[in-house]
Amino acid sequence: ISTDGMSWTEESGVRISTEAGYYDASSITALGVMHNPTDFPTYPYVAFYVGMDASGSYSILKATSADGLSWEKVRDFVLPFSSYVDSPRAYRYDSTHLWLYYTRDSVGVGSTGDSRMYVISSSDKAKTFGSETSLMSGATAYQLCLATVTATEMHLYYTAPASGETVG
């Protein structure tokens, strides 16, 4: 916790941690948290995180919290991927839709040069998601984040290799 944005102290709570035999058994590699008390009044903090299992497969997983400190995994929520996925970011688009943005290996062979941006939509408060849509399909993107500028305008920021660099 911080009161000035510069000095931080760790608060007690139940962290999201790896678990043998689960989709995050090997590691947790990325995390995105949203606070949404409108759709989730009993657990207004929702984390979408990337877990890697013991075989090297990646999944986007979900955890919830009433206070942002003590977390519980949502065991029946798994979005599996054959290769790496990163940077999950949830956004409440309107009173019906929640969008989940992320980057992933578009080919499935593990090359960072194939990392692209995607979004999937949920109309049932993040219980299930539809099929993914590619965003800016030609742009290599490693990480992404969102900012709402106005009620009708969003900005999507992403990291990419510098011009002229080789990735592989």
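A few points about this structure:
- Using a probe of 1.4 angstrom and keeping all protein chains present, the accessible surface of the chain works out to 55 square angstrom per residue.
- Solvent accessible area, Å² - residue 28, 1.4 Å probe, full protein context: 60 Å²
- Under a Gaussian network description of the chain, with springs only between Cα atoms under 10 Å, the residue in 151, 25, 47 that fluctuates furthest is 151.
- Sorting 92, 116 on solvent-accessible area from highest to lowest, probe radius 1.4 Å, gives 92, 116.
- Protein accessible area in the chain, 1.4 Å probe - carbon and sulfur %: 52 percent
- Residues 154, 34, sorted by accessible area with the largest first, give 154, 34 [1.4 Å probe; ligands and nucleic acids excluded].
The values are calculated or read from the model by the stated rules, or taken from the named source; none is laboratory data. All values derive from a computational prediction rather than experimental measurement. All accessible areas refer to the heavy atoms of the entire protein, side chains included, with ligands and DNA or RNA removed. Shrake-Rupley method; radii C 1.70, N 1.55, O 1.52, S 1.80 Å.
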